[in-house]
Amino acid sequence: MSMWQEIITPNRFEGQTVIVTGAASGIGLATALRVAREGGRVIASDLSDEGLDKLVAEYEDLDFVPVAGDISKEDVVQEVVSAAQGRIGALANVAGIMDSFQPVHEVDDATWERVLDVNLTSMMRMTRAVVPVMLAAGYGSIVNVSSEAGLRGSAAGAAYTVSKHAVIGLTRSSAVMYGRRGIRVNAVAPGGTKTNIHAEFKSQLAAEVLGPLMQANVPPIAEAGELAAGITFLLSRDGSNINGVVLASDNGWNAV
């Protein structure tokens with residue numbers, strides 16, 4: 001059982017508008033709440049309009065601007081950015097989906113394309129949309145959520161693993177390109193975390209190969225708020241000297 005407790009840093013995001021994708025549940029919800037509780041105005045994006053309505057209703061005292069839609073679509077990305085009204089201090093690219101552990105010879109085109117669209121292309125499009133605003137301001141911070149599957153080949157199927165490795169490439173390329181213009185781009189690689197993302201083994205081969213590895217090596221499951229703590233640190237000015245890093249937030253799994 002985790003003994004972790006969230007400790008709010010008052011006013012850390014005061015005066016800032018922060019976009020958080022996947023904000024209706026899991027790590028995205030925890031990140032949105034942490035930013036808002038620390039004084040930020042949060043553009044909360046998620047596919048679930050019901051989840052966003054619940055968020056706004058439950059936390060009337062916090063500054064949330066909900067935008068529902070599929071952020072793998074360019075028109076939704078533009079709607080999210082427009083809601084920020086020209087002020088974007090930070091972006092947390094959290095939204096993502098899991099695969100069903102299929103190895104490459106078993107993965108179908110629909111699964112491959114959907115996982116890459118949500119986990120990678122949406123991040124590219126959202127980053128592409130916010131960077132001009134940040135360049136004009138001379139400041140910005142972007143955090144992309146990768147995964148333990150972005151660091152190793154034994155944590156998911158082919159589609160998810162490829163998408164999360166590619167997120168790290170997007171992060172590092174962007175960090176180099178924009179670092180001298182005042183924009184920091186970092187990634188967080190979660191291990192097992194309590195979220196609403198569930199995956200089942202639909203591959204017998206994967207169950208035989210990955211099952212024993214996971215049973216032997218996966219550490220205890222983290223609370224979503226523990227991931228949000230690392231994400232918001234990197235988003236904030238507390239991380240002012242950190243650019244292009246991949247922060248493994250996995251209770252030491254990456255060290256095994």
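Apart from one condition, S249 fits all of (1) open to solvent by 20 Å² or more (accessible area, probe 1.4 Å); (2) more than 13 Å from the chain's Cα centre (by Cα); (3) of a type outside the set (D, E); (4) at pLDDT below 95; the exception is (2). Taking the criterion of being surrounded by fewer than 17 Cβ atoms within 10 Å (Cβ to Cβ) and either in contact (Cβ under 8 Å) with a residue 60 or more places away in the chain or part of a helix (DSSP H, G or I) (or both), the residues of segment 147-171 that qualify are S154, G169.
M177 meets the conditions (1) under 16 Å from the mean Cα position of the chain (by Cα); (2) open to solvent by 30 Å² or more (accessible area, probe 1.4 Å); (3) of a type in the set (A, V, I, L, M) in every case but one. The failed one is (1). Annotation: Q102 fulfils all but one of (1) open to solvent by 30 Å² or more (accessible area, probe 1.4 Å); (2) assigned to a loop (DSSP other than H, G, I, E, B); (3) not acidic (D, E); the unmet one is (1). All of D70, D61, D75, D53 fail the test of being within 30 Å of E113 (Cβ to Cβ), in a loop (DSSP other than H, G, I, E, B) and open to solvent by 30 Å² or more (accessible area, probe 1.4 Å), apart from D70.
Say we look at segment 1-41 and pick out the residues that are modelled with pLDDT of 95 or more and touching a Pro at 6+ places or on another chain (Cβ under 9 Å); which of these is most open to solvent (accessible area, probe 1.4 Å)? Per the stated criteria, the residue is R37.
Taking the listed residues G96, G89, the one that is touching a residue at least 60 places away in the same chain (Cβ under 8 Å), closer than 25 Å to T161 by Cβ and of a type outside the set (S, T, N, Q) is G96, with no other qualifying. If a residue has to be within 13 Å of S146 (Cβ to Cβ) and part of a loop (DSSP other than H, G, I, E, B) to count, how many in segment 245-256 make the cut? Final tally of qualifying residues: 2.
The values are calculated or read from the model by the stated rules, or taken from the named source; none is laboratory data. Predicted model, so just to flag it, every value in this text is computed and none were measured. Reconstructed Cβ throughout: ideal geometry from the backbone, glycine too, with neighbour counts over all protein chains shown. Note: accessible area is taken over every heavy atom of the protein model, side chains too, but ligands, DNA and RNA are not part of it. Shrake-Rupley method; radii C 1.70, N 1.55, O 1.52, S 1.80 Å.
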